[in-house]
């Protein structure tokens, strides 16, 4: 390749162009809504290749024949056509395009296209919809608002991660997270795990996914490119979809003055869902009171008997404390402030934005503080030459992050609260000598000690920058070069103070994670009118992408001075280092053939060269084709019922590479020799190093993955576009996946990296947008988004029954099994084959562990979002309701509510005895009889409800309906603001996660997950930090 | 402005790296190596084996053969609790961490020639140990086709008879290699050999002793190996406490026996206050009047070293294992001289070997007490020679008993000799039926657990995996 490609591109696009201008027309384009200038509006002479865009002040200049018609089009605005006639000055005001008949959308590589040209579905959310109830993780603001995606907020942790899956699971190797692109530059969305146990289940700290730093206040629009045809130009990295973020640009305010905005929200966060606790029985075991019985509520019935209070030593009546969780959890606060100033002139524009996010969490001592500085500026050096720069700096500091999973002393869940414990007495938690104040037995910690003395801190410095320059030697020809750099330095500190029970000698873990990404795109476009009916747009270019990852950790144990996190203060230090880098080159091209403005055929091709594939196979090509036909125009329909109908179809292939360093057989130095329960030894051991060979057989002749997708869709608008129906069907087939296939361990290896396995994903997306009422002062707009996705594993590899996707404790796993969606898998109850009834243990009257089995899919059957916006005069009410149907959840927190006797159901018949009447006893001849063996006690029943770790009792249908967002606002009329410096003022009330309207999961938020965004561990929850309900106020000012 | 005409192509050219190929040829991990010295691989294998064995089998299975009254996540009730992670983790460690790396060490050492015979021998001995653990847990295992992924990607399972006899051959080869190691130019494996520090004479003793252990298993079913046993017993064996095969733990952080780790991670750091592990009634009874009772246990407030029944954890009213046992510096013992001495006693009692049954019996008990009460590294509590002598002297003179009674008494001491060693304890009870261990209360099976379920990982990936037998089905060696 070397230096040939850019020259080729240059030559290819330098071609003859149409001539013939008559008069010069100029003018200014503004918004009808607020009179502000609209930069970037496409202005073309209809039926010709002649076009320009407005500058930052909304001004344009173009040559046109007097008989010409100027077409003004812009993202989210209704396209206007104006006859030139004899005028040389034409000012135009554009309306927001509620019909989206001719909407301009941003597509792959930042290319703007008319929505009518697209042969595939694109879903978008505009800035105002992202800040209805502002979120610290922008992903959560998309919930329910677009089709084709499933978004799951992991927990109530401040800064916690959210996982988005676009059009279902397609990858067996966990490459199911979409690519994030901000202003044309890919950024990292990694969800890095930090744990002394090096897994996501032992003391998981959810420290956010990389894209969560995007500041909603700085976002103009988010578009989700879902199918392979939409993402094909992005290449292999976009196989799981693309989320395109466009940030706000500078523009002139009213009267040509700068635009200054101030937006402030204050919200209060409380527990979203409180478990149904019993409050009749005290802490203890076997009806005996025990003040140290953390987690156990099997003590005596509370009747006011006197006990010695464990910490104060006072004799006090035994009492229940129904709200004692509130002595631990507190009201969290979220304060979001954004200040921006922007301006524009003939030659340039800029926007400077400063945002602060200050949160205190519901967990004691939990805080998150984020500062975001955004700068975006463009310069027009001439009509032909422009440059633009964008810089974002984000600093996020958090502390007191909650810990989930198991095998970590810092875990404190909803099931930890003993009903008869007054947690107010657990403060203070430390004495003058630094010892823990605690009477919670020998093994459990004072929860306030955990939150205040053990540190779970993060300091994340993020820099995302881009520089873009555009050169248009002639109006039909355009070159753009774009450089982007994403730098992330993520420092984490996890500590256990000396005196922490189970970590008595103290330890700390320092993790410094550095991710970088350098990206270059060079793109040329050329437009050609072919006769009167056809248009041709050509695009070509190349891409260079380099990603780096470094992680340096230090695990230090046995501290001398409790709060000194210096390796020299520890007797054992275990450093580890990880490093990876990969490079991708891509060359791409696109041809868009238009016919009479109602049919568009788009063909694309891209060739990638990846550093991670074998030399002979690292070049791979993949094409796409899409067709869009505006039926109403093609047939000349003039129908008031169906006023717009567009049909679209596409077929595409996307290739995909793999991770770095997977081709060679290597030995690795080992830091730890692992054991059950995370009981590990360290190397050097007695001064000796430890090395082990790779457990994966390297691949031979590894080929790139190939994902094939077809998509059909229709966009129909009725009654002058009052009702819009968008329907899409898609089917994708991801075969030849690059996976580490499990092979028999007895072969000497655990895995072999091969091309194998196939997932077939299909689905339907329906979006209905209705202006239900549009009368005078009152408008009601309603949107329903429906997504049904079916992701079935078609094949794995010969001889392999299942592949482990994610593993929790007690044999509970998420697995891939041919013919099924991802399944929850674990020990079942032992059941009688013929009748399916439980086979009861004749000695105990209890159920018994059965064989391993699948419980069902962990993925939802469908999701729906209901969005309603009501406007009355200056009042506006927005609501979002989120419905997820299907998918399973294994809730270990619920199990803990049972085994600990804290759940209300455990108080039923507490002092009686049980006979599991649904069970049977096995006779010696193999026949069965009804069970008549009583369980010794209610405590015995509940504490043995998961024999052999079987999750059968605590696997639930995770369906839910939530009132996700609500926003009520009032915009002060201009008349009240006078002629002072305030241009607009809006006040409002906003809320997130308002109500759980339907759920089958007891005690907890059915959306909770343990694994977060970094793994495909759907359907598993264990001591996840509880989610929150947020309600607050908002003030928006424009000067 | 004209000069800007070529700005874009110029930028594009600058941004395009000089050579794509150079940029793409970066796919070698700078943090890994293409070769590894046995002195670095062997420590990993030895420590990983020891730690996984302690945490999977020890902390979870000591109530199966009833060293303990109860453990967490025990498979003792058989049925479907006898598999899952326990099987998967231990199987995975044996094949994917121990045997796989040992095979690579062996292969490199064989290629290096006779000067590396010592390394080859150590790799073979450790492989034999790992395969022996595997057949002890699952009976039939991949052996002849194992560890050869290119020729046998889905290995067939071999019968226990084939495996045990194959292990005898493997150990014979190791001994031959040691005998044929050149006097000079030998590879220095002292750094990697955490067991004997490169002392090949001790390795030869251990290999021969391990062979005798295996032959004793075979003879339980097939006495035709008696001549091999007699021959082996005439060769050097582990015969003093100075020759014990064990992995020492320093007890300092990062090098702490997992028994200490478990009571630290989930308890107070002391089993005496955490009350996790205590003796079963069976072992409590056998230790009556034995100084090892006070050496191993602390008494509860009830007095009399009361043991909890099987399935029940101790509390402070009952006996618990003391911090003298559950400590960071507790070594992981692989072979004591007492085991061989007591085999001699057993064989003499059965008329296979000539010898003074009572003298061998008493020597075996003495060696056991001397190890646990005197030689064991890092002991917090010791026994005086007088305590040992007095106890041994108080033992019944076996020469006054019938052969069957002799075998019973020897078997009881063999049980106590295997104390704290999961595979050996389980094998002993299954081999000799001494002591009589009944099915745990609430068991899904009719007898004591006789085998683990197959590894779910192996089952999922190997179509040649046999059907799961009931977990109370005796293994081939059980007679």
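Each reported figure results from applying straightforward, stated rules to the coordinates on display, with no laboratory input. No experiment lies behind these values; they were computed from the predicted model shown. Positions of Cβ are backbone-derived with ideal geometry, glycine not excepted, and every protein chain shown enters the neighbour counts.
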Prolate/oblate/rounded call for chain B, Cα gyration tensor, a/c under 1.5 rounded:
prolate
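Compute the length gained on full extension between residue A:639 and residue A:932: take 0.36 nm times their separation in residues and subtract their Cα-Cα distance, giving the result in nm to one decimal.
98.2 nm
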In nanometres, what is the gap between the two model label sites at residue A:972 and residue A:474, each 7 Å from Cα along Cα-to-Cβ?
5.6
Got a sec? Which residues in the stretch A:516-548 would a label at residue A:67 touch, if it sits 7 Å along Cα→Cβ and we count backbone N under 16 Å?
A:532-533
Output ordering of A:245-252, B:470-477, A:687-694, B:208-215 (per-residue mean of other Cβ within 10 Å, highest first) is B:208-215, A:245-252, A:687-694, B:470-477
FRET efficiency for residue B:317 and residue A:779 from the Cβ-Cβ distance with R0 = 56 Å, rounded to 0.05, comes out at 0.15
Net length gained if the chain between residue A:568 and residue A:266 were fully extended (0.36 nm per residue, minus Cα distance)
104.3 nm
For chain A, longest principal axis from Cα atoms; helix A:4-13 axis from its Cα atoms; angle between them, nearest 10 degrees, is 50
Which of the three applies to the stretch B:257-343, rounded, prolate or oblate, going by the alpha-carbon gyration tensor with a ≥ b ≥ c and a/c under 1.5 meaning rounded?
oblate
Could I have the simple spin-label model distance between residue B:169 and residue A:319, label points 7 Å from Cα toward Cβ, reported in nm to one decimal?
7.8
Roughly how crowded by other chains is peptide A:246-258, in terms of the mean Cβ count from those chains within 10 Å of each of its Cβ atoms?
0
Looking at chain A from every direction and averaging, what is the projected area of its Cα convex hull in nm²?
46.3
Nearest 10 degrees is fine. How inclined is helix B:117-138 to the longest principal axis of chain B, computing both from alpha carbons?
70
With Cα coordinates, the longest principal axis of chain B makes an angle with the long axis of helix B:422-432, in degrees rounded to 10, of 40
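Mean residue ellipticity at 222 nm from the helices of chain B, using -39,500 (n - 2.57) per DSSP H segment of n ≥ 4 over the full residue count, to the nearest 500 deg cm²/dmol?
Working: 19 runs with 213 residues, N = 479.
Computed mean residue ellipticity for chain B: -13500 deg cm²/dmol.
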What distance in nm separates the two pseudo spin-label positions at residue A:375 and residue B:404, each 7 Å out from Cα along the beta-carbon direction?
9.7
How many partner chain Cβ atoms sit within 10 Å of a residue's Cβ in peptide B:41-54, on average, as a whole number?
6
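Order these by the 10 Å Cβ neighbour count, fewest first: A:782, A:890.
A:782, A:890
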Expressed as a whole number, the average count of other chain Cβ atoms within 10 Å around the Cβ atoms of B:454-466 is 6
Here FRET efficiency (C-beta to C-beta, residue A:89 to residue A:382, R₀ 22 Å, nearest 0.05) is 0.50
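So what is the calculated 222 nm ellipticity per residue for chain A, using -39500 (n - 2.57) for each DSSP H run with n of 4 or more, over all residues, to the nearest 500 deg cm²/dmol?
After summing the helix terms and dividing by residue count, I get -1000 deg cm²/dmol.
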Assuming R0 = 56 Å, what is the FRET efficiency of residue A:346 and residue A:424, from their Cβ-Cβ distance, to the nearest 0.05?
0.25
Give me the orientation-averaged projected area of the Cα convex hull of the stretch B:38-224, in nm², one decimal.
11.6
Is the C-alpha gyration tensor of the stretch A:21-97 telling us rounded, prolate or oblate? Criteria: a/c under 1.5 is rounded; beyond that, a/b larger than b/c is prolate, otherwise oblate.
prolate
Using mean Cβ contacts within 10 Å as the protection proxy, how do B:237-248, A:523-534, B:395-406 order, highest first?
B:237-248, A:523-534, B:395-406
Cut-off 16 Å (backbone N to label point 7 Å along Cα→Cβ of residue A:904), residues of the stretch A:251-293:
A:273-281
Kindly rank A:712-722, A:398-408 from highest to lowest mean number of other beta carbons found within 10 Å of each residue.
A:398-408, A:712-722
